[in-house]
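Undergrad: Here it is: the structure, laid out below.
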Amino acid sequence: MRLDDLYAQPGLTLSVEFFPPKTDKGDENLFSEIEIIKRLKPAFCSVTYGAGGSTREKTVDLVDRIHRQCALEVMCHLTVVGQSKAEARAVLDKLKQKGIENLLALGGDPPQGVSEWKPHPDGFHYAVELVREANSRGGFAVAVAGFPEVHPRALSRASDLRYLQEKVDAGAAAVITQLFFDNEDYYSFVEDVRKLGVTVPIVPGVLPVLSASQIRRFVSLCGSKIPAKLESELSKVENDDDAAVQMGIEYASRQCEDLVQFGVPGFHFYSLNKSRSVAAVCDNLGL
């Protein structure tokens with residue numbers, strides 16, 4: 001089922017994000033976690049593309065396997081960086097052949113060890129071009145990323161919002177946000193986006209904390225911030241990952257409860273290939 005149809009259904013639309021494991025053991029573990037996630041009845045799951053497009057083949061193969069083996073709808077990430085137009089088009093062709101209807105069009109992160117973001121010399125330059133390319137082929141529903149705290153490479157909040165509007169005008173069916181820990185950032189973002197006339201679902205991306213050091217690394221990479229309330233909680237579990245997981249479940253549950261009251265269309269959980277926290281948050285919400 002396409003994203004636009006999934007988000008048109010009543011109730012909260014749940015989705016869960018995975019990344020391609022690097023080993024056969026990692027694959028085995030992931031599919032064990034997916035079996036647990038399936039009990040939550042997610043509308044779809046998504047698979048990341050890797051920095052610099054580094055997991056292109058593995059991502060497409062994993063998307064296909066989850067779709068066939070687990071009988072789940074899947075959204076495949078597709079990035080600008082690290083591949084030519086011909087390579088991106090080949091991925092779109094392969095996905096279409098395999099019956100994958102949903103995409104997340106992204107600029108993407110530069111390869112590991114490279115600080116400056118550069119498009120492929122023979123590639124697309126912006127995610128909006130991927131949206132147009134996918135839509136021109138027909139059969140795809142395309143989501144795009146939104147940044148409640150502004151994209152790290154954006155010149156300004158206003159330019160970031162205009163670029164998001166351009167992606168939606170190009171045919172994006174939904175906006176899925178970068179992770180955030182202060183709901184006020186999401187609320188302000190939604191208000192600003194709606195003022196531009198954007199009406200598609202704006203889905204909050206939620207990451208339950210798994211460890212203090214990990215979350216500090218993530219926010220440094222994506223430009224999100226750690227609010228004072230969360231910082232206080234992290235300081236208590238700095239060297240205790242088990243306690244950090246429980247704290248992360250409790251924090252994400254409170255965050256999601258508030259978001260439900262706001263009227264969000266659903267949640268996109270960044271699972272980091274683990275089911276425990278996502279399942280616990282959903283249980284706390286009665287989902």
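Undergrad: Between residues in region 134-149 that are farther than 30 Å from I226 by Cα and residues that are of a type in the set (S, T, N, Q) and assigned to a strand (DSSP E or B), which pairs lie under 7 Å by C-beta distance while being six or more apart or on different chains?
TA: These pairs meet every condition: A141/N102.
Undergrad: Mind listing just one residue for me: the one in region 267-287 that is in contact (Cβ under 8 Å) with a residue 40 or more places away in the chain and on the phi > 0 side of the Ramachandran plot and, of those, most open to solvent (accessible area, probe 1.4 Å)?
TA: Among those that are in contact (Cβ under 8 Å) with a residue 40 or more places away in the chain and on the phi > 0 side of the Ramachandran plot, it is L272.
Undergrad: Report, by residue number, each residue of region 5-64 that is outside any helix (DSSP H, G or I), at pLDDT 95 or above and among the small types (G, A, S).
TA: If the condition is that a residue be outside any helix (DSSP H, G or I), at pLDDT 95 or above and among the small types (G, A, S), then S15, A43, S46 are the ones that fit.
Undergrad: Does at least one position in region 240-247 carry a residue that is part of a helix (DSSP H, G or I), touching a strand residue (DSSP E or B) at 6+ places or on another chain (Cβ under 7 Å) and among the aliphatic types (A, V, I, L, M)?
TA: No; the residues of region 240-247 include none that is part of a helix (DSSP H, G or I), touching a strand residue (DSSP E or B) at 6+ places or on another chain (Cβ under 7 Å) and among the aliphatic types (A, V, I, L, M).
Undergrad: Report, ordered by the first and then the second residue, all pairs with beta carbons closer than 6 Å, sequence separation of six or more or different chains, a first member in region 180-198 that is closer than 22 Å to D169 by Cα, and a second member that is assigned to a helix (DSSP H, G or I) and at pLDDT 95 or above.
TA: Final answer for the pair search is D192/L161; L196/Q165; V198/Q165; V198/V168.
Undergrad: When you scan region 65-73, do you find a residue that is farther than 21 Å from V144 by Cα, open to solvent by 30 Å² or more (accessible area, probe 1.4 Å), outside any loop (DSSP other than H, G, I, E, B) and free of Cβ contacts under 8 Å to residues at least 24 places away in the same chain, even just one?
TA: yes
Undergrad: Select from region 154-179 the residues that are among the basic types (K, R) and out of contact with any helix residue (DSSP H, G or I) (no Cβ under 9 Å at 6 or more places or on another chain) and list them in ascending order.
TA: Matches in region 154-179: R162 only.
Undergrad: Check region 27-49 and report whether any residue there is under 20 Å from V131 (Cα atoms) and open to solvent by 10 Å² or more (accessible area, probe 1.4 Å). If you could, list the steps in order and put the result at the bottom.
TA: Kept after step one, since they are under 20 Å from V131 (Cα atoms), are these residues of region 27-49: 44-49.
Narrowing the set further to residues that are open to solvent by 10 Å² or more (accessible area, probe 1.4 Å) leaves 48.
Within region 27-49, one or more residues are under 20 Å from V131 (Cα atoms) and open to solvent by 10 Å² or more (accessible area, probe 1.4 Å).
The values are calculated or read from the model by the stated rules, or taken from the named source; none is laboratory data. Quick caveat, the model's predicted, so the values are computed rather than measured. Positions of Cβ are backbone-derived with ideal geometry, glycine not excepted, and every protein chain shown enters the neighbour counts. All accessible areas refer to the heavy atoms of the entire protein, side chains included, with ligands and DNA or RNA removed. Shrake-Rupley method; radii C 1.70, N 1.55, O 1.52, S 1.80 Å.
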